[in-house]
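Undergrad: Got a structure here, written out as structure tokens. Questions coming.
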Amino acid sequence: MSALISLDTLRFRARVDFTDTELQGIADDATAIVVDFLKKPDHEWTIETVPGEIRSAIVRVAVLMLDQTTSDKQVEFIDKGVKDLLRRHRDPALK
């Protein structure tokens, strides 16, 4: 699955300075986590067409993933902030 955020967006919004290779893995994983949560594997979005709140949720998940690497505590990637951003795009019947 291709990331739905650009590396420049992630680098700027997360305020990190990693190599493209390092950031690409995080961007891909964060995108997969959000798309899985939404239960929309056939979403057809691209970097240019992804809704802003979904882009923001992916960045938030990526930042949480980066925090996990520097923290001893378990980090929940789909936290309340991410759920609030994604609520409108998720079918309420899905768990």
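Undergrad: Assuming 1.306 mPa s and 10 °C, estimate D for the chain with Stokes-Einstein, Rh taken as the Kirkwood radius over Cα pairs, in µm²/s.
TA: On the way: Rh = 13.5 Å.
In µm²/s, the coefficient rounds to 118.
Undergrad: With a 10 Å cut-off between alpha carbons and a GNM built on the chain, which of Val34, Val63, Val75 moves the most?
TA: Result for the chain, Cα springs under 10 Å: Val75 fluctuates most.
Undergrad: What FRET efficiency do you get for Lys39 and Arg11 if R0 is 35 Å and r is their Cβ-Cβ distance, rounded to the nearest 0.05? If you can, show how the numbers build up before the last one.
TA: On the way: r = 29 Å, r/R0 = 0.83.
In this case the efficiency is close to 0.75.
Undergrad: Where does each of Arg60, Arg88 land when they are ranked from fewest to most other beta-carbon atoms within 10 angstrom? Don't skip to the answer; put the middle values down first.
TA: Numbers: Arg60 21, Arg88 9.
By the 10 Å Cβ count, ascending: Arg88, Arg60.
Undergrad: I'd like the Karplus ³J(HN,Hα) series for segment 75-85: coefficients 6.51, -1.76, 1.60, θ = phi - 60°, whole numbers in Hz, and an x wherever there's a Gly or Pro.
TA: 10, 8, 6, 9, 8, 4, x, 5, 4, 4, 5
Undergrad: Calculate one ³J(HN,Hα) per residue across segment 16-22 by plugging θ = phi - 60° into the Karplus curve 6.51 cos²θ - 1.76 cosθ + 1.60, and present them in order as whole Hz with x for glycine and proline.
TA: 10, 10, 9, 6, 4, 4, 5
All of the numbers you see were taken from the coordinates with simple rules; none came from a lab. Every value quoted in this text rests on a predicted model; they were computed, and no experiment measured them. Counting neighbours? That spans all protein chains shown, and the Cβs are built from the backbone with ideal geometry, glycine included.
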